[in-house]
Structures are given as structure tokens and as C-alpha cells.
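Report on one structure; see the data block that follows.
All of the numbers you see were taken from the coordinates with simple rules; none came from a lab. Computed from a prediction, not measured in an experiment: that's the story for all the values here. Here Cβ is always computed from backbone atoms with ideal geometry, including for glycine, and neighbour counts include all displayed protein chains.
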Amino acid sequence: MTVHGTDGRACDVLVIGGGPAGSTAATLLARDGYDVVLLEKDEHPRFHIGESLLPCNLPLLRDLGVLEQVEAMGVYKPGAEFVSDIDDRCVPFPFRYAIGAKTDHAYQVVRADFDALLFRNAGRHGATTRENIRVLSVQFQSGQRARVRTRDNAGTEQVYEPRFVLDASGRDGLLSAQTGRQANKKNSTAAIFGHFRNVPRRAGDMGGYISIHLVKDGWFWMIPLPDGVMSVGFVGDKVAYRDHKGPVTELFWKKVAQSPSVAERMNAAQALSPLSTTSNYSYCAQKAWGEGYYLIGDAYAFLDPVFSSGVLLAMRSAYRGAGVARAWLRDPVEGRRVAARAERRTQREMRRIAWLIYRINTPVLRMLFLNPRNILRMRDAIISLLAGDFAAGWRVMAPFSAFKAIVGVTWFRKKLRRSF
């Protein structure tokens, strides 16, 4: 093993993790002239799920200078559909109906290619980008630069001494180990997923729609990707996994067989590789920031992906994280204020979409979701959230609040009837 000298490589900002959050933040800071180092533990391109973008991603991609490349690599996505076997319903939610919509579409992307594009883009804007680098430890001392010890695949260690650290380490949650991370017990789910061929898309204008099949104890996603590939995954709650005996990947095919609508589309499916699994889907760090650092993207929190919010939340938190870094480098007192405000904004956005996520497996919300009515523009408000308008103003939140009230009243009536 080779160890570099004790003097570390100094920089303004060290970004840990080269996914959408880390690459976005590194691009923003590097193009402002800061000395930025971006470290990625793997090598791009690498497999990742979360392939469905939202319309509100597009202005961010345009600002980063990569929208044309995403358009070229992606599948045009004009909306989302929700499917239920209970009453044989298939309900589309076109993005063009979103309140105040500036963009009526998004894209489905192969995340390996998408993440690689964002990572290379950070380098083009001046960030020092390094792959196959693992962070071994991060030490913070009041009034001093952080010391970040790393090791590459050859065993060579190097120390970095940044003035500020952005943790974009994803589910690894490198710095959340210092602040604590809590799994969301309201939404304890796990996923089984893979890429397939011979899974038909919807016909006509709905060919690029993401399909959400609502099934017992969970839901399936079907995301059309380039070259005839379909990303398919099952997200199940504790009941789905608790009642299953045998290898966990067998549960995927068991759930496929139990759903007529999913089984029909998967009848001739051919897996391109062995299925993957991940558990403990939803979590949140106790705190998004500390002295000299800020957590962005999945390093801070992750929500069940039923509404494809992951990449957008990550990129938005990256914009905020870059703002925190700028403020902290000017004056740590100002940086603390900006960090606290940024954390509150991220929490507010996550609460809004989480309200839907936590209830998607309940009979009441599924019934109302699959029978949408546009009284007071309630349907259009839901579409606005599905499009990623998590920071929506009163034009969206007023009808959405009315929808939430109807959900509450309907649930109470059903509970009341069961009690007699």
C-alpha cells in the first residue's frame, strides 16, 4: 500500500459521491470558480435504478447544459398511468394537465448512462473528478479544514483537506453515521427489480408512459427504456416479504403471477441479468448538516420511488447544497443560517410527496386515485405533484388540500361503517 505525504490535497469543496446529487453540486460550484474535487467509489457507467425523470427535472438539466444529451439518450415520457386488477382500471395522468405546467413531458433514462453524463459534465465545468476512490474517514475540527482519507483500487491512500464537504454518498450515508439515520417505519418496503426484453409498451401516445401496477401488498413499476428494454420492479411491504418462503427473488415471479395485468405484460419477458434486491427503502438522517458539511440526495433521505421523485429531490438538494457551500465559504455564521433554511425546504418538499407515498397502499387512496375527479382541479393538483412541483404554491396546494380532506372523510366513513 502506498501512502501519500501527510499534507493533504487542499480544495474549497470536496463532494463525496458521483451520482446525480454529487455531480450536480460539483458542476454548479466548479463553474462558479471554486476548486472542487468530486469522488466516486465506483466507475461510470454503473448500474442503478431510478430511471424515470419528472418534468421538473428538465429546467435543471437545461441549466447544467445537458438537456439535449438527455433528450437524445432517453425515452419520451408524457405521463404516468396507474393500473389496478381489482376493477380492471387503467388511469393515465398526462403531465400536460399539471397546474401552471411549463413542461408537459419528461424522459426515462438508463441511469448508468445518465449518471455518467452528469459526472463527466462536472469535469467539463472544471471539477477534479476521480473514480474508484473510497472515502475511509472524515474528520472535522473546529476552525480547521476537514481531513478526508481515501483509498483507490490499487491501495493508494490520499488525504484531502477541503474547506467544506458535501456528502452525496447515497444509501451508504457516510456522514449520517455521525448524525444518525432513522428508517421510516410508516413505509418499510423492499424492492426486487431487473431489466427485461419482450415486455410490451403501451400503444400509441402512451408508449413512453411509466406504468404503476397497484397489487396486493405493494406495487410494480414498468419503465420503458431505449432499445426495447423494460425496467420492471416490485416494491413490497413487510407483509409481502414476511409471508414468503424461499429465495427472495422467487417472490418477484410469484407476485407477477398473482396480478393478471402484470402477468399479461410479462408473459414472454426475458431477464437481461439476475434480479437485484434492496431493502429498507425509506429513511432520513437526523440532521442534514453540521460544522463544515451538508448532506444532499440519498445521503440525507430516500422515499419509496412510487412517484419517481428520487432524482429530482436529489438534484434540488444539490442546488441547495451548493448554496450552503458558497455561504459557508464566505462566512460560517451565514452558512449555518443557509444550511438550516435549506434543510427545512427539503423537508417540506419531502413531506408533500410523502403524504401520497405513505397512503398509496391503502384502499381509500387507491380507490380515489383510480377514480379521479377534477372538482376544484384536484386531479390537476395531483398531476402537478406527479410532475415534481413539490414546492408548489397555493394554486396547487389549495386543491390538493381539498383532496386530502376527502381522503380523510372517506377513510373515517369506512371506519365508522366497520364499527357497526
Fluctuation leader among Leu39, Leu67, Leu14 - the chain, Gaussian network, Cα springs under 10 angstrom: Leu67
Pairwise FRET efficiency - Phe47 versus Arg413, Cβ, R0 = 51 Å, nearest 0.05: 0.65
Under Karplus coefficients 6.51, -1.76 and 1.60, residue-wise ³J(HN,Hα) of region 98-115 in Hz, glycine/proline x: 4, 5, x, 4, 9, 9, 9, 7, 9, 9, 9, 10, 6, 4, 4, 6, 5, 5
Cα gyration tensor shape of the chain, rounded if a/c is under 1.5, else prolate or oblate by comparing a/b with b/c: prolate
Sorted peptide list for 329-339, 88-98, criterion being average Cβ within 10 angstrom, highest first: 88-98, 329-339
Cα gyration tensor, region 357-418 - rounded (a/c under 1.5), prolate or oblate: prolate
Set of lysines near Lys414 by C-alpha distance (under 22 Å), chain-local residues within fewer than 8 positions excluded: Lys186, Lys216, Lys404
Helical mean residue ellipticity (222 nm; -39500 (n - 2.57) per DSSP H run of 4+; nearest 500) of the chain: -11500 deg cm²/dmol
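Given a Förster radius of 25 Å and the C-beta distance between Arg147 and Lys287 as r, what FRET efficiency does 1/(1 + (r/R0)^6) yield to the nearest 0.05?
After rounding, the FRET efficiency stands at 0.75.
Which order do peptides 58-64, 80-86 fall in by mean Cβ count within 10 Å, highest first?
Highest to lowest by the protection proxy: 80-86, 58-64.
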Segment Thr278-Leu376, length gained on full extension (0.36 nm per residue, minus Cα span): 31.3 nm
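What ratio of Cα Rg to 2.2 N^0.38 Å holds for region 1-99?
Values: Rg = 19.9 Å, N = 99, 2.2 N^0.38 = 12.6 Å.
Compared with the compact-globule rule of thumb, region 1-99 sits at 1.58.
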For region 33-43, Karplus couplings with θ = phi - 60° (6.51, -1.76, 1.60), whole Hz, Gly/Pro x: x, 6, 7, 10, 10, 10, 10, 10, 6, 9, 10
Listed residues Met378, Leu136, Gly8: farthest to the positive end of the dipole of the chain (Cβ charges): Met378
Fraction of beta bridges assigned by DSSP in region 1-112 that are antiparallel (%, nearest 5): 70 percent
Whole-Å distance, taken between Cα centres, linking region 1-66 and region 300-331: 12 Å
Straight-distance crosslink candidates among lysines, where the alpha carbon sits under 21 Å from Lys102 and sequence neighbours closer than 8 are dropped: Lys77
